[in-house]
């Protein structure tokens, strides 16, 4: 979708004027490149070569400075990130190199996944080796508690219209507490928090890493779990376990503080469960609060993840019981109502 040369929307006109000035091309046009679940949008320049990307981050909704600070930190650590060619921090505009169209999520298939994930692991290990600067956020108790609340508030209450009774609420709280304690007990490294194929671009010296502005210090197994237990793309569990083992061996060889393999597999599984519960809540919030409804169709993927991994761990049986007895029937009833 190209933008018209003139627009009644002040932000549209401001974005186009800024891009034309930054590239010294008064005839330049912009077309939508992509958007994300937040307020940022991305626009590709048309009429110049090579093409560039304009990031539009409205300052009253999404400050661009955290993105820039983390980008510079990752770049200094050798992580492949987009180059910044021009910036207007106050206006919320950045001019970036154009890394191309498809993300890794759009190019991955069963035949190339081993090679693509091998390259992604190399980038992840560079990210995890960075020494966290003073002031970096912490993936600690407060953030974990907030994440846990998303599942109950937006999925159970808002989406399913379900209020747990006292016993069921205790089951969920017990499982969430065990997941949080596991995350808090892991070795701490920089954590992207969305290190998944959708946020990786398949360039020759990459993949390039995107959407990194929420990076914090947190559990070492979280990003590997995000990469292989993706919110938008599923793989057979045996293959996921193999990739996790590959990451674990390379991380140990690189001197990263990974625990022995059996413990690491448990840590990654539990981070995956915690993350899936959170994302279920986020996708429902995007649907009901923000009017972004395309994500809601992926909810069955997360239920399938839980079905796959929960049977491995007796400690999480309360969550497995709650899923079978209360959540799945409520989800089925809603699907029938909505049909």
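The values are calculated or read from the model by the stated rules, or taken from the named source; none is laboratory data. Because the structure is predicted, anything quoted here is derived from the model rather than measured. With ideal geometry, Cβ positions are generated from the backbone for all residues, glycine too; neighbour counts draw on all protein chains shown.
When you go through 79, 89, 64, 84 one by one, which is the residue that is at pLDDT 95 or above and surrounded by 17 or more Cβ atoms within 10 Å (Cβ to Cβ)?
Result of the check over 79, 89, 64, 84: 79.
When you scan region 93-112, do you find a residue that is at pLDDT 95 or above and at positive phi, even just one?
Within region 93-112 (the criterion being at pLDDT 95 or above and at positive phi), the answer is no, since none of the residues qualifies.
Any idea which of 72, 153 is out of contact with any strand residue (DSSP E or B) (no Cβ under 8 Å at 6 or more places or on another chain) and without any contact (Cβ under 8 Å) to a residue 40 or more places away in the chain?
Step by step, each of 72, 153 is checked, and only 72 is out of contact with any strand residue (DSSP E or B) (no Cβ under 8 Å at 6 or more places or on another chain) and without any contact (Cβ under 8 Å) to a residue 40 or more places away in the chain.
Just the residues that are more than 22 Å from the chain's Cα centre (by Cα) and in a helix (DSSP H, G or I), please, taken from region 231-259.
Those that are more than 22 Å from the chain's Cα centre (by Cα) and in a helix (DSSP H, G or I): 238, 249, 250, 252, 253.
Check whether at least one residue in region 193-214 is part of a loop (DSSP other than H, G, I, E, B) and closer than 25 Å to residue 329 by Cβ, and report yes or no.
For region 193-214, residues part of a loop (DSSP other than H, G, I, E, B) and closer than 25 Å to residue 329 by Cβ: absent.
Going residue by residue through region 16-31, is there one that turns out to be under 20 Å from residue 199 (Cβ atoms) and either in the same structural domain as residue 129 (by TED's automatic domain parsing) or surrounded by fewer than 20 Cβ atoms within 10 Å (Cβ to Cβ) (or both)?
Checked region 16-31: no residue is under 20 Å from residue 199 (Cβ atoms) and either in the same structural domain as residue 129 (by TED's automatic domain parsing) or surrounded by fewer than 20 Cβ atoms within 10 Å (Cβ to Cβ) (or both).
Do we find that residue 74 is in contact with a helix residue (DSSP H, G or I) (Cβ under 9 Å, 6 or more places away or on another chain), assigned by TED's automatic domain parsing to the domain that holds residue 40 and under 21 Å from residue 16 (Cβ atoms) in this structure?
Working: in contact with a helix residue (DSSP H, G or I) (Cβ under 9 Å, 6 or more places away or on another chain): yes; assigned by TED's automatic domain parsing to the domain that holds residue 40: yes; under 21 Å from residue 16 (Cβ atoms): no.
Here the answer is no, as residue 74 does not meet what is asked.
For region 124-156, what are the residues that are in a helix (DSSP H, G or I) and either exposed (fewer than 15 other Cβ atoms within 10 Å of the Cβ) or not assigned by TED's automatic domain parsing to the domain that holds residue 184 (or both)?
141, 142, 145, 146, 149, 153
May I ask you to verify whether residue 245 is under 22 Å from residue 104 (Cβ atoms) and surrounded by fewer than 17 Cβ atoms within 10 Å (Cβ to Cβ)?
So residue 245 fits the description; yes.
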